[in-house]
Amino acid sequence: MLQLGTKDLAKYPFLAETGVYLRDKGFNLEQLGHPDWKPIVEKAYGRIVVAATGQIYGSDIEKLEDLDSEILSFVTAIILLKSAGISTLIRRFSLAEARRAEKYLEQDLRSKDERKLDFPVKIIQDLFSVKVTIQGDDFVIKVADYLRRAVHFHEREWKLINRRVEKGFVFLTSHETVRLIRRELDAYINSKIHSTTTLSIPETFKERVADLVALAKKFSDTVTISTEYPPCIKHAIEVLERGENLPHSGRFMLATYLLAKGQTIDQIAPLFKNAPDYNERVTRYQIEHIAGTFGSRTKYSCPSCDKLKSENLCFEIPECSGIINPVQFGKKRVTNA
Amino acid sequence: MLEKNVRFVEDTFKEYYFNHFELIHVPPRTSEREFGYQKFNAGMTRHLGIKNDKELHLLLMTQIPSDVYCSNAYYSFPNLPMSEKDWKEADLIFDIDAKDLKLDCRKEHTCLKCSTCQNVTTQQSSCSKCGSDKFETLSLTCQNCIIESKKEVEKLVEILTEDLGIKKEEIQIYFSGNEGFHVHVTNTEYQNLDSRERADLADYIMFNGIIPETLGMSKQNSSKLSLPDKEEKGWRGKVAKEIFGPKSKRPKIIQEILAGGYSFFQARLEGMRQTIGVRIDPKVTMDVHRIFRLGGSINSKSGLSKVLCKDLEGFDPFSDACLLDDEKAEILANCPLSFTLKNQKYGPYLNETISIPKYAAVYMICKGIADVP
């Protein structure tokens, strides 16, 4: 276990050590129900509201005098969220808390004080099994550890080719190192919240729980869909229309895309008519396989934009920004918040 | 393939397998691998579990496959359907194929076979015999194809060792048995990578997806440029060598790039993929469920064997992988090109019945330019 101070726990209240700390200090749920602790409940509620709007709850640890209330408001927020039971809020909260912790991890990594530096490196290693070593100003991790995380990012700068790579290691800045583990940090906090059990909650919490339920209603999404095909699909259809050969991977993309858009096998099969090796029976058989109507019964999904890029099937246009799979093309999400 | 051709080729393959058990072995961790095979004119049989060399040899003798495959992946239950196999990890595999290198020599050793009347010609828009315009392309790989493929293998090995930190001992280079090389990498920390992660690794190797920012130019301020030095490790150093060439005219070149701007630089970098990127087939590297040709087995596209290259530089596939019997056989050859096997030149043959060693006869039959009379 890490040797943590109160300040560290205020920065990273999701660590297992928080429980020990609260027990040692003699805090319990009943106490928190006392009207005297109302400010903590309000602080916790505020922390959730800030997270729900996509912002990061900021508390300047260096200037803060009441570290206990930082830790307690996090714990209370979890109880409020669990009682409200709305996963959208939990998701937004854990992401915002992950990003808050990210800020502190980054600060700690940049610290010249060796004791401080050991601490974030150890958190990253203990929680996420990533060994970070420090070489000068760089933070160095194994290529395989990098790839496992970086493939979830869609900005091209995260592709391995755009990184400094030497002898099996990737060189990162403190910001990049911490950014790389955001998803896991988020998942870790999320799982912490989910694994918390709340049997009964104090009366004083109930009002704010009801407020959270009301708040969550604001976050329903509306999705508008355009009927335009994405450029990769257009390109594939054009190639077939010209009677040219579309590689297997391109045919697979086209079939899975159209199936995902609700087209039937009868509608899709004729598209391949102009292919130089067209055989109606074989084409139908293959589409039926992809649709999962027979054979292994696996229904295949449309390959991701990343995969299509690797296969030279991507013809990106500005409207593609923000999507990770062709089936998302033209969908616009409008959040009422 | 015609039945009479199948019988002849199968007999020769069987003879090879019987006489060369010492060349064909199951790979390590056999019981965790999936095996598969194909027979001439038949589909693929896969999801097989094989325990040892003895079982493999028995399969070769009883089935006489045209091609034998083994998974790069390790499973708990290799012989169950894919969804129940329980994937554990997979070796990294790379396929370098001369046909993907778009070499100038290809037109000199490629012929066309009419899909309607089987007539073989060198270059034509329609068949001189029947007028059909549907052709199958046949390639008789040449030394230049092999030399160029070897260069790609060397580039690949350099990236694997220098950039990715893989030890030379973990890298095995095989001649694919037809037009290129297969590189297998075992026992590394990359074994657990999934398909998506391998795709990014493949992009790295192929020099795919580089952005000018990585080399010191930003979109917002493309009037500033801080290009890497030739001495730098990884792609930055390789790009610097490519841009500046052997004689350093650094200021002039920097001026040119600055004048062209961001999109010009981006296009220039993309153009470099053909020269400095390694031309692997990304689909092979991305596939973690593939069954890949087994070392020591014969490739039915040529009758040559997939063999380990201990000395890549000195390796000559047309001798070192040409392992079939040299007893004479009679075939009807329709081969407008010449080719060399075991330092002996064969062809061209214009619809002639000839008597040549079996390895050459099988080579031509497998390539589709000869039949058993």
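The values are calculated or read from the model by the stated rules, or taken from the named source; none is laboratory data. Everything numeric in this text was worked out from a predicted model, so none of it was measured. For neighbour counting, all protein chains shown are included, and Cβ atoms are generated from backbone atoms with ideal geometry for every residue, glycine included.
Looking at A:Leu105, is it under 26 Å from the mean Cα position of the chain (by Cα), surrounded by 14 or more Cβ atoms within 10 Å (Cβ to Cβ) and not in a helix (DSSP H, G or I)? Working first, answer last.
Numbers: under 26 Å from the mean Cα position of the chain (by Cα): yes; surrounded by 14 or more Cβ atoms within 10 Å (Cβ to Cβ): yes; not in a helix (DSSP H, G or I): no.
No.
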Within region A:154-179, of all residues that are touching a residue at least 40 places away in the same chain (Cβ under 8 Å) and within 19 Å of A:Asp108 (Cβ to Cβ), the one surrounded by the fewest Cβ atoms within 10 Å (Cβ to Cβ) is A:His175
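Quick test for you: out of B:Gly177, B:Gly234, B:Gly245, B:Gly260, pick the one residue that is surrounded by fewer than 14 Cβ atoms within 10 Å (Cβ to Cβ), among the small types (Gly, Ala, Ser) and out of contact with any Pro (no Cβ under 7 Å at 6 or more places or on another chain).
Values: B:Gly177 fails: surrounded by fewer than 14 Cβ atoms within 10 Å (Cβ to Cβ); B:Gly234 fails: surrounded by fewer than 14 Cβ atoms within 10 Å (Cβ to Cβ); B:Gly260 fails: surrounded by fewer than 14 Cβ atoms within 10 Å (Cβ to Cβ).
Answer to the selection: B:Gly245.
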Checking the condition touching a residue at least 40 places away in the same chain (Cβ under 8 Å) and surrounded by fewer than 16 Cβ atoms within 10 Å (Cβ to Cβ), which residue from B:Ser125, B:Ser66, B:Ser76 passes? B:Ser76
Region B:93-118, residues that are basic (Lys, Arg) and in a strand (DSSP E or B): B:Lys113
Exactly one condition in (1) within 23 Å of A:Phe169 (Cβ to Cβ); (2) more than 8 Å from chain A (Cβ to nearest Cβ); (3) not in a loop (DSSP other than H, G, I, E, B) is not met by B:Asn187; state its number. (3)
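Could you please find all residues in region A:140-190 being among the acidic types (Asp, Glu), at the interface with another protein chain (Cβ under 7 Å from one of its Cβ atoms) and in a helix (DSSP H, G or I)?
Narrowing region A:140-190 to residues among the acidic types (Asp, Glu): A:145, A:155, A:157, A:166, A:176, A:184, A:186.
Next cut, at the interface with another protein chain (Cβ under 7 Å from one of its Cβ atoms) only: A:157, A:166.
Result: A:Glu157, single match.
Matching residues to (1) within 14 Å of chain A (Cβ to nearest Cβ); (2) polar (S, T, N, Q); (3) closer than 30 Å to B:Tyr174 by Cα:
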| position | (1), (2), (3) |
| --- | --- |
| B:Val239 | yes, no, yes |
| B:Ile243 | no, no, no |
| B:Lys252 | no, no, no |
| B:Gly260 | no, no, no |
| B:Phe264 | no, no, no |
| B:Ala267 | no, no, no |
| B:Ile280 | yes, no, yes |
| B:Gly295 | no, no, yes |
| B:Asn299 | no, yes, yes |
Strands (runs of 3 or more DSSP E) wholly inside region B:1-84 that include at least 3 residues being under 24 Å from B:Ser302 (Cα atoms): B:35-38, B:44-48, B:67-71
Please verify whether B:Thr161 is within 9 Å of chain A (Cβ to nearest Cβ), among the polar types (S, T, N, Q), part of a helix (DSSP H, G or I) and farther than 19 Å from A:Lys142 by Cβ, treating the condition exactly as stated. no
Inspect all residues belonging to region A:68-77 and state whether any of them is crowded, with 22+ Cβ neighbours inside 10 Å, under 20 Å from the mean Cα position of the chain (by Cα) and within 23 Å of A:Val178 (Cβ to Cβ). no
Go through region B:281-313 residue by residue and tally those that are in contact with a helix residue (DSSP H, G or I) (Cβ under 9 Å, 6 or more places away or on another chain) and without any contact (Cβ under 8 Å) to a residue 60 or more places away in the chain. 1
Go through the residues of region B:201-211 one by one and say whether even a single one is more than 8 Å from chain A (Cβ to nearest Cβ), assigned to a helix (DSSP H, G or I), farther than 26 Å from B:Glu313 by Cβ and in contact with a helix residue (DSSP H, G or I) (Cβ under 9 Å, 6 or more places away or on another chain). no
Would you mind stating whether B:Thr353 is closer than 30 Å to B:Phe244 by Cα, of a type in the set (Ser, Thr, Tyr) and without any contact (Cβ under 8 Å) to a residue 40 or more places away in the chain? no
Output yes when any residue across region A:25-33 is under 16 Å from A:Ala98 (Cβ atoms) and either more than 25 Å from the chain's Cα centre (by Cα) or modelled with pLDDT of 90 or more (or both), and no when none is. no
Got at least one residue in region A:208-230 being farther than 24 Å from A:Glu97 by Cα, facing chain B (nearest Cβ under 10 Å), in contact with an Asp or Glu (Cβ under 9 Å, 6 or more places away or on another chain) and at pLDDT 85 or above? no
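So if I check each of A:Asp266, A:Asp277, A:Asp306, which one is within 14 Å of chain B (Cβ to nearest Cβ) and either of a type outside the set (D, E, K, R) or surrounded by fewer than 12 Cβ atoms within 10 Å (Cβ to Cβ) (or both)?
Details: A:Asp266 fails: within 14 Å of chain B (Cβ to nearest Cβ); A:Asp306 fails: either of a type outside the set (D, E, K, R) or surrounded by fewer than 12 Cβ atoms within 10 Å (Cβ to Cβ) (or both).
Answer to the selection: A:Asp277.
Filter region B:269-278 for residues that are within 11 Å of chain A (Cβ to nearest Cβ) and buried (at least 18 other Cβ atoms within 10 Å of the Cβ) and give the result. Walk me through how you get there before you give the answer.
So in region B:269-278, the residues within 11 Å of chain A (Cβ to nearest Cβ) come out as B:269, B:273, B:277.
Residues satisfying the conditions are B:Leu269, B:Gly277.
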With respect to A:Gly330, determine if the residue is of a type outside the set (Phe, Trp, Tyr), on the phi > 0 side of the Ramachandran plot, modelled with pLDDT under 85 and in contact with a strand residue (DSSP E or B) (Cβ under 8 Å, 6 or more places away or on another chain). yes
Region B:323-345, residues that are in a strand (DSSP E or B) and either hydrophobic (A, V, I, L, M, F, W, C) or surrounded by 20 or more Cβ atoms within 10 Å (Cβ to Cβ) (or both): B:Ala329, B:Ile331, B:Leu332, B:Ala333, B:Asn334, B:Cys335, B:Phe339, B:Leu341
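Table: residues versus (1) on the phi > 0 side of the Ramachandran plot; (2) β-branched (Val, Ile, Thr); (3) not assigned by TED's automatic domain parsing to the domain that holds A:Ser200.
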{"position": "A:Glu106", "(1), (2), (3)": "no, no, yes"}
{"position": "A:Ser111", "(1), (2), (3)": "no, no, yes"}
{"position": "A:Gln125", "(1), (2), (3)": "no, no, yes"}
{"position": "A:Ser129", "(1), (2), (3)": "yes, no, yes"}
{"position": "A:Val132", "(1), (2), (3)": "no, yes, yes"}
{"position": "A:Ile141", "(1), (2), (3)": "no, yes, yes"}
A:Lys159 vs. criteria within 21 Å of B:Asn192 (Cβ to Cβ) and touching a helix residue (DSSP H, G or I) at 6+ places or on another chain (Cβ under 9 Å): yes
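This table checks each residue for (1) in contact with a strand residue (DSSP E or B) (Cβ under 7 Å, 6 or more places away or on another chain); (2) under 19 Å from B:Gln191 (Cβ atoms); (3) among the hydrophobic types (A, V, I, L, M, F, W, C).
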residue: B:Gln38; (1), (2), (3): yes, no, no
residue: B:Asn41; (1), (2), (3): no, no, no
residue: B:Leu56; (1), (2), (3): no, no, yes
residue: B:Gln63; (1), (2), (3): yes, no, no
residue: B:Asp91; (1), (2), (3): yes, yes, no
residue: B:Asp100; (1), (2), (3): no, no, no
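Given B:Glu158, B:Glu162, B:Glu152, which one is among the acidic types (Asp, Glu) and touching a Lys or Arg at 6+ places or on another chain (Cβ under 6 Å)? Break it down into steps so the answer makes sense when it comes.
Values: B:Glu158 fails: touching a Lys or Arg at 6+ places or on another chain (Cβ under 6 Å); B:Glu162 fails: touching a Lys or Arg at 6+ places or on another chain (Cβ under 6 Å).
Exactly one residue qualifies, and that residue is B:Glu152.
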Need at least 3 residues that are closer than 30 Å to A:Leu81 by Cβ and basic (Lys, Arg) per element, so show me which helices (runs of 4 or more DSSP H) inside region A:192-291 make the cut, counting only ones lying wholly within it. A:203-217
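Right, B:Leu312: in a loop (DSSP other than H, G, I, E, B) and surrounded by 17 or more Cβ atoms within 10 Å (Cβ to Cβ) or not?
So B:Leu312 does not fit the description; no.
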